[in-house]
Amino acid sequence: MRFSDLLPGGGRKQVGRIVSAEWDEAEKGVRFAIRFEPSGRKVTGVCHSGSDPTTGSFVAERDLKAKISEFLNLKVYENASGGDPNTMSAEDFRKLKIELNLSDLRVSYRAPERVMDTNTFLSRIFR
């Protein structure tokens, strides 16, 4: 549980979902597309089989293929520190980084890094 979950209206806000996922033999991975709502913006990516650089765990092709049906309709929730992709500038949206956690099938995103001023820091704490 996060601190923001305790605040009124602090529930997680869904900003998008995975709308397509299919095996790409050439890439040896799952090619997927995320649609952000209500803006309708779309971003695509590939989740490769092999060693995960973040966790260090190995994901075999057969395990990844077995999870394709679970990819569809995965929800993407707003990242409080990253802002809403529906309202980002076109430049920031192009720099958006998608993170897919296969252990608990969670999709998240990270906005481009920026130097945060004091006012921004304080406003994000009290969201």
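The values are calculated or read from the model by the stated rules, or taken from the named source; none is laboratory data. Every value quoted in this text rests on a predicted model; they were computed, and no experiment measured them. Cβ atoms come from the backbone with ideal geometry, glycine included; neighbour counts cover every protein chain shown.
See the values below:
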read-out	value
Test: residue in segment 35-47 that is more than 18 Å from Tyr109 (Cβ to Cβ), in a loop (DSSP other than H, G, I, E, B) and in contact (Cβ under 8 Å) with a residue 24 or more places away in the chain	no
Contacts under 7 angstrom Cβ, first residue in segment 79-103 being surrounded by 16 or more Cβ atoms within 10 Å (Cβ to Cβ) and among the hydrophobic types (A, V, I, L, M, F, W, C), partner at pLDDT 80 or above and part of a loop (DSSP other than H, G, I, E, B), 6 or more apart	Phe93/Arg41; Phe93/Pro85; Leu96/Pro85; Leu102/Lys67
Condition check for Arg31: at pLDDT 90 or above and in a strand (DSSP E or B)	yes
Residue satisfying all of: in segment 66-113; among the hydroxyl-bearing types (Ser, Thr, Tyr) and farther than 28 Å from Gly50 by Cα; modelled with the lowest pLDDT among these	Ser81
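Conditions tested, residue by residue: (1) of a type outside the set (D, E, K, R); (2) over 30 Å from Thr120 (Cβ atoms).
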| position | (1), (2) |
| --- | --- |
| Gly29 | yes, yes |
| Ala33 | yes, yes |
| Ser39 | yes, no |
| Glu61 | no, yes |
| Phe71 | yes, yes |
| Asp84 | no, no |
| Asn101 | yes, no |
